[in-house]
Amino acid sequence: MAGKKQIESAVSAQDPLKQKGLSVTDSRRKILQLFMQQKGALSHGDIEKKAGATFDRVTIYRTLQTFLDKGIIHAIPSANNAILYALCHEQCGPDHHDHQHIHFICSRCKHTFCLDHSVTPDLHLPKGYQAQDIDVLVKGVCKRCNTTSK
Ligand SMILES: [Zn+2]
Ligand SMILES: [Zn+2]
Ligand SMILES: [Zn+2]
């Protein structure tokens, strides 16, 4: 019980739902909590597994769509075509995602991470091409797997 309270107060301390002008519903709050408790990214399937008993597929899908539209989460392309989602930072807003970070897929634990402090590399595009959004996906071994498997 104490653990649950802590999570709720952590969410309301900087409640992205309120920041983005969204009304707080059970599904939005619950799914947001899942993202906040998770270090890596989540797929639709992961969320269904964790919240599927409480909310149906359609509710989960709609909630994710709202979060994407409002700049609360962003979609990450993954190797096996399953789209992953991760929390955004405060500078993201409706119709505007501002990311300069790299996504990292661990080949051992299969988790995907947002590497916030790594800036996407400079691109040298041919004349006439203008980049608007850069997705960098790096594959390798994450910090945790690197230190636990020796
Ligand atoms: Zn974003
Ligand atoms: Zn790993
Ligand atoms: Zn990310």
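The table below gives the values:
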| item | result |
| --- | --- |
| Spans of strands (runs of 3 or more DSSP E) in the range 64-150 with at least 1 residues surrounded by fewer than 17 Cβ atoms within 10 Å (Cβ to Cβ) and more than 14 Å from ligand 2 (Cβ to nearest atom) | 73-76, 112-119, 137-140 |
| Test result for Tyr61, within 21 Å of Ile134 (Cα to Cα), of a type in the set (Phe, Trp, Tyr), more than 16 Å from ligand 2 (Cβ to nearest atom) and out of contact with any Gly (no Cβ under 8 Å at 6 or more places or on another chain) | no |
| Scope the range 94-120; condition over 15 Å from the mean Cα position of the chain (by Cα) and among the polar types (S, T, N, Q); matching residues | Ser107, Ser118, Thr120 |
| Filtered residue count, the range 22-43, keeping only those that are without any contact (Cβ under 8 Å) to a residue 40 or more places away in the chain and either within 25 Å of Ala82 (Cα to Cα) or outside any helix (DSSP H, G or I) (or both) | 12 |
| Search result, residues across the range 120-150 that are among the charged types (D, E, K, R) and at pLDDT below 90 | Asp122, Asp133, Asp135, Lys150 |
| Lone unmet requirement of (1) assigned to a loop (DSSP other than H, G, I, E, B); (2) surrounded by fewer than 18 Cβ atoms within 10 Å (Cβ to Cβ) for Phe55 | (2) |
| Residue that is modelled with the lowest pLDDT [pool: residues in the range 82-102 that are within 9 Å of ligand 3 (Cβ to nearest atom) and under 19 Å from Ala131 (Cα atoms)] | His99 |
| Within the range 103-114, tally of residues that are polar (S, T, N, Q) and near ligand 3 (Cβ under 10 Å from one of its atoms) | 1 |
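Here's the yes/no breakdown for (1) within 12 Å of ligand 3 (Cβ to nearest atom); (2) under 24 Å from Leu34 (Cα atoms):
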{"residue": "Phe67", "(1), (2)": "no, yes"}
{"residue": "Ala75", "(1), (2)": "yes, yes"}
{"residue": "Ser118", "(1), (2)": "yes, no"}
{"residue": "Arg144", "(1), (2)": "no, yes"}
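The values are calculated or read from the model by the stated rules, or taken from the named source; none is laboratory data. Keep in mind the model is a prediction, meaning the values are calculated, not measured. Note that each Cβ is placed from the backbone with ideal geometry, even for glycine, and that neighbours are counted across all protein chains shown.
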